[in-house]
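Q: The structure under discussion is supplied below as structure tokens; questions concerning it will follow.
Just so you know, all these numbers are worked out from the coordinates, no wet-lab data involved. Predicted, not measured: the structure shown is a model, and the values here were computed from it. All Cβ positions, even for glycine, are placed from backbone atoms using ideal geometry, and neighbour counts span all protein chains on display.
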Amino acid sequence: MPDEASKLLVRELTVRSAAPGERALVDGVSFAVGTERVALVGESGSGKSLTARAILGLPSPPLTAVAAELRFGAIDLQDLDARAWAALRGSRLSLVLQDPRRSLNPVLTVGWQLHEALQLHGRYSRAERLERIEAMLHSAGLAPSVLSLYPQQLSGGMGQRVVLAMMLLNGPGLLIADEPTSALDVSLRDQVLELMCGLVSAHGTGLLLISHDLQQVARHCDRVLIMYRGRIVDTCPAAALPLSTHPYTRTLWSSRPNGRTYGTELPVFDPT
Amino acid sequence: MSADIAIEELHFSFNAGERPVTLFDKLKLTVGRGETFGILGPSGCGKSTLLRIIAGVQRHWSGRIRLFEHAIVPGARFKGALRCEIQMVFQDPYASLHPLHTVERALTEPLVVHGVADAGTVALERLQEVGLSAHLARRYPRELSGGQRQRVAIARALLLGPRLLLLDEPTSALDLSAQAEILNLLNRLKRSHDMTLILVSHDRGVIAHLCDRAAVMQGGRIEKILHRSELSQV
């Protein structure tokens, strides 16, 4: 729904490698995200992470990204210099990655890194920063004692909560989360997703959640975009997923094994 | 049901500095012939260590272990037939394949070591059996997707006609679509080869999909055994 309310508008986004004649890795993708939770789902290599990186202006060279339109609110994302990007990323447009241990600096305490996030994007006194940080830690389910810890002293779930707190500190308009729970134990995944979606709704932030697990994101998002080989092949409200008629969506939906699939073949998508 | 694996009074400790840390104490486990047995538990519960002991990789234990008709001696390397009869597939296929060896070389080496004639042909047959086309034989592991790499690792484990296949989190590095393909392959191989399977995973769904029986492990102890009727409720 590309209307006034949409925070992010992507139209005809294409990512390709420099080599001539190669298939585009992301091929004319269009979608919009408003104040809502949208999931971008697909298998490995479908181009979902490349889409996220292109939105954030971070296509890894030798890849190049072009779009007919790429807007965040009133800002044209294709027309930003390095300085403007630095002011935008981490404040109004935030990113959570798969492995919290790689997103945090291993030689600085959690407190140092949270203070830095606020210092870079606003003018607050030390007391104001501490107040905001403690309030955010509380809503992320963390005790203030984590401030003095180093990233390697955190468990995976705690680490991802710290990253989430850091990314939401500046009250971003949109949070992009790229497989935020894949590095976590199965039992923790729902817990972290629930926390993320709760925080995002409470702050009026839009969410673009990237994942390969359709059933899991369906429980936490409003709308789902299904991506296959660089294209968005299906879009539907999360509640309507079990009824989707698209063959690829149906395959993804039923590919999770459980006790009732014992002795049966799991569905595998065959494009022919 | 005759048992393929019988473990009794198994004791195992890690040597952590001065004081050893005991993981298994009087552990008992029996796996029947042709059974697909699951081991389920959180990180650090000892499920991979148990698999490594059965594979003969971890040899510093005490107790009694019988694999098929062989009684295993602690501290000794596997000899003779056991080296063919027990094979293992690891979690990360990239780490378990030599990065500078082509698929063909990775698959012919075990055959050459065991003096199998016509190694090249046998290797190609196995490659096709796991659903990979012959032209992939010339590729290096880095040129394959995660799912393809895990197929190569499974093909390698099948080369010497194992009676027991040990699978340590074989799909947890893969996305759901690739996981579904690998689980279908394992189900098919289970029917076509006369093998006993032990599958270690922290994903209840994977265990419930594939296994006839499963042990739930916690802190080095087997808390309970789930039978098929209980697994079907997962």
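Q: Can you give the convex hull volume per residue for the Cα atoms of segment B:14-154, as a whole number of Å³?
A: Enclosed volume per residue, from the Cα hull, is 162 Å³.
Q: Calculate how many DSSP beta bridges within the protein assembly as shown are antiparallel, expressed in % of all such bridges and rounded to the nearest 5.
A: Percentage antiparallel, nearest 5: 55.
Q: Could you work out the mean count of beta carbons from other protein chains within 10 Å of each residue's beta carbon in B:169-176?
A: Numbers: counts 0, 0, 1, 2, 1, 3, 12, 16.
Mean inter-chain Cβ contacts per residue within 10 Å come to 4.
Q: Could you list the trypsin sites (Lys or Arg not before Pro) in segment B:44-86 that lie in coil according to DSSP, counting only those with at most 13 other Cβ atoms within 10 Å of their Cβ?
A: Answer by residue number: B:R77, B:K79.
Q: Which shape class applies to the protein assembly as shown: rounded if a/c is under 1.5, otherwise prolate when a/b exceeds b/c and oblate if not, where a ≥ b ≥ c are the square roots of the Cα gyration tensor eigenvalues?
A: Numbers: a/c = 2.09, a/b = 1.55, b/c = 1.35.
Note, shape of the protein assembly as shown comes out prolate.
Q: What is the extension gain from B:S192 to B:T22, computed as 0.36 nm multiplied by their sequence separation minus the C-alpha to C-alpha distance, in nm to one decimal?
A: 57.2 nm
Q: Please list, in chain and number order, the residues 5+ apart from A:D234 or on another chain whose amide H is under 5 Å from its amide H, with Hs placed from the backbone.
A: Long-range HN contacts for A:D234: A:I226.
Q: Moving on to the next point. Identify all aspartates and glutamates with a Cα-Cα distance to A:K7 below 16 Å; exclude those on the same chain that are fewer than 8 residues away in sequence.
A: Partners within reach: A:E36, A:E69, A:D76, A:D222.
Q: If you don't mind, there's one more thing I want to ask. With a 10 Å Cβ neighbour count serving as the proxy for reagent exposure, in which order, fewest first, do A:Y262, A:Y150 appear?
A: A:Y150, A:Y262
Q: So what's the projected area for segment A:138-236, the Cα convex hull averaged over all directions, in nm²?
A: Projected over every direction and averaged, the Cα hull of segment A:138-236 covers 7.2 nm².
Q: Now a separate question. Over chain A, what is the relative contact order in percent, taking alpha-carbon pairs closer than 8 angstrom and at least six residues apart?
A: Here the relative contact order equals 25 percent.
Q: Next up: Enter the per residue convex hull volume of chain A, computed from alpha-carbon coordinates, in Å³ rounded to the nearest integer.
A: Dividing the Cα hull volume of chain A by its residue count gives 150 Å³.
Q: Averaged across the residues of A:181-194, what count of C-beta atoms belonging to other chains lies within 10 Å of each residue's C-beta? List each step's numbers first, then the result.
A: Values: counts 0, 3, 0, 0, 4, 8, 3, 0, 0, 0, 0, 0, 0, 0.
Mean number of neighbouring Cβ atoms from other chains: 1.
Q: State the Cα centre-to-centre distance between segment A:53-107 and segment B:1-41 in whole Å.
A: Spelled out, the Cα-based centre of one part sits 49 Å from the other.
Q: Leaving out same-chain residues fewer than 8 places away, which lysines sit with a Cα under 19 Å from that of B:K47?
A: Straight-distance partners of B:K47: B:K26, B:K28, B:K224.
Q: Hey, what do the phi angles of segment A:202-218 turn into as Karplus ³J(HN,Hα) couplings, whole Hz, using 6.51/-1.76/1.60 and θ = phi - 60°, x for Gly and Pro?
A: Values per residue, Gly and Pro as x: 5, 9, x, 8, x, 10, 10, 9, 9, 7, 10, 9, 5, 4, 5, 5, 4 Hz.
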